[in-house]
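Shown next, in structure tokens, is the structure this report addresses.
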Amino acid sequence: MRRAGDIRRESDRRERDQPLTVHHLNQLLLACSLVLLVAVAAVRISSRSGLPSLLVYLGIGIAMGQDGFAHIHFGNAELTQVMGYAALVVILAEGGLGTKWKDIRPTLPAATSLALVGVAVSVGVTAAGAHYLCGLSWRHALIIGAVVSSTDAAAVFSVLRRIPLPARVTGILEAESGFNDAPVVILVVAFSTAGPVEHWYTLVLEIFAELAVGAAIGLAVGWLGAWGLRHVALPASGLYPIAVMAIAVSAYAAGALAHGSGFLAVYLASMILGNAKLPHWPATRGFAEGLGWIAQIGMFVLLGLLVTPHELGDDVLPALLIGLVLTMVARPLSVVVSLTPFRMPWREQTLLSWAGLRGAVPIILATIPMVNGVDATHRIFNIVFVLVVVYTLVQGPTLPSLARTLRLGEGTEASDLGIESAPLERLRGHLLSVAIPEGSRMHGVEVGELRLPAGSAVTLVVREGRSFVPLPATVLRRGDELLVVATDQVRDAAERRLRAVGQGGKLAGWLGMTGNGHGHGTPRR
């Protein structure tokens, strides 16, 4: 007689082989839409509690898994890895689009050091702790050390948006989370392949080669894409967000196919696009942010489905010990070694040590040894999963309190203007839509005092729902929206002048403030 297990496996095979019908599609759409609605509602809970939303999404996946109410059996690590990579591309693109070049440019050397030297220190210290404290083999210890040494872009971006930190600290964290995925992926793949790494210097050379190729492709694709979108007027505003995301994803694909770092390529390309003053930018930013949320939700729910909660018990203690070494020793040491040469104050180093948030990226990277057939991979995955969940619960909610205790992020700066550009191709001009936010020093400035370059003019002001044509003596107020028409030749100069007045007020020109991206009120050199 056939055993029950054979019958069940045959039934599962027949069910997998069935074609997708409209009925199945309806069920899938209903399930996915309900998950998205629950996840969206959960964002409000997580934002009030201070918890990163990833924990809520992981909880949704676990609740739907084989130990949850839905009893969904899912164990496809290869599919999870592929979908996780795709989601990470979107998340890095969205993060790069929202990264301001003027904020991270001064921090690039420090962030690069933290993403390279800091990762090396973190991997070594964490692996040593996993080997000597938990008895793991050196191969497993190195894999875990590499996996958990990457900060998560989604977790970092979501937390930084809610905490007013100094521009230097924010710039380092954003750039680090965008840069360190590349070397970590290379290390995890190297440690997960059959056989030991013969020569350490070959691995280092491989890392630098992949980073160089990825950086070159990302910069090239980003520059070409920005140049094309600024000089070609598309027939519909909704095409701009699609084009921007397509360019970003193509940077990843080109970088990966050229044996470079696709993750670094997509981040750099997106950062160039995000700082290129593209047409219909608010619509593009909103579209990218929505895709980023969908990627996060889908990625975390899928990871929650992959984990088996009743198998985690034996791995909780090793995860706590390794996480303690990572959080209290490896991360602070990597920050000190990487940033001391830049003479960074100890308060900022302390915050950076605690702000190395982990998230879905380490859990996704933990599927690499599973796909490569490394022995005891389920234990590695379980340790990484528990470590990420526990220490995210500790670090995420306490980060704002630590920032306040260290008296970081208490300063106020002039709010930058929100400027959207729509090209008028036939008229060879641009229509700039300018929103004056709270804190802008353009409040109280007369239209004539803007001193816009010849070839540009304020044609309309929208105030409290009422539109009127301004006079030179019209005083601008917070909350106003301006429509500025500028010719092709003076478009950039007009925007620089508007930003300068927004940062320095009517005396911006006399004070040497240019609004050219050198910071708030930075004198011309």
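Any read-out appearing in this document is the output of simple, stated calculations on the displayed coordinates, not a laboratory observation. Worth saying up front: this structure is predicted, and the values here are computed from it rather than measured. Reconstructed Cβ throughout: ideal geometry from the backbone, glycine too, with neighbour counts over all protein chains shown.
Here are a few things to note about the model shown:
- Placing unit charges on each Cβ (+1 for Lys and Arg, -1 for Asp and Glu) gives segment 77-405 a dipole about its Cα centre, and among 265, 351, 116 the Cα reaching farthest toward its positive end belongs to 351.
- Among 213-226, 392-405, sorting by the average number of other beta carbon atoms lying within 10 angstrom of each residue, highest first, gives 213-226, 392-405.
- For segment 270-279, Karplus couplings with θ = phi - 60° (6.51, -1.76, 1.60), whole Hz, Gly/Pro x: 5, 5, 5, 4, x, 10, 9, 6, 6, x
- Packing, as the average of other Cβ atoms within 10 Å across residues, places the peptides 306-316, 88-98, 122-132 in the order 88-98, 122-132, 306-316, highest first.
- Amide proton proximity set for residue 446, modelled H, under 5 Å, gap of 5+: 476
- Global geometry of segment 221-337, whether rounded, prolate or oblate, following the gyration tensor of its Cα atoms and the 1.5 cut on a/c: prolate
- Around residue 299: net Lys/Arg minus Asp/Glu count, Cβ-Cβ under 13 Å: -2
- Translational diffusion coefficient (Stokes-Einstein; Kirkwood radius from C-alpha pairs) of segment 77-405 at 25 °C, 0.890 mPa s, in µm²/s: 123
- Segments 204-211, 325-332 sorted - mean Cβ within 10 Å per residue, highest first: 325-332, 204-211
- Our analysis of segment 302-415 gives Rg over Rh at 1.07, with the two radii drawn from alpha carbon positions and Rh computed by the Kirkwood formula.
- Residue-wise HN-Hα couplings along segment 457-473, as the Karplus relation 6.51 cos²θ - 1.76 cosθ + 1.60 with θ = phi - 60° gives them from phi, are 7, 7, 9, 7, 10, 10, 9, 6, x, 10, 9, 7, 7, x, 9, x, 8 Hz; Gly and Pro carry x.
- Net charge of neighbours whose Cβ lies under 15 Å from the Cβ of residue 245, counting Lys and Arg as +1 and Asp and Glu as -1: -1
- Under 5 Å from the amide H of residue 66 lie the amide H atoms of 72, 74, each residue being 5 or more positions distant or on a separate chain, with H modelled from the backbone and absent for Pro and chain starts.
- Taking a ≥ b ≥ c as the square roots of the Cα gyration tensor eigenvalues, segment 252-298 comes out oblate, since a/c reaches at least 1.5 and a/b does not exceed b/c.
- Charge context of residue 211, other residues only, Cβ under 15 angstrom, K/R +1, D/E -1: -4
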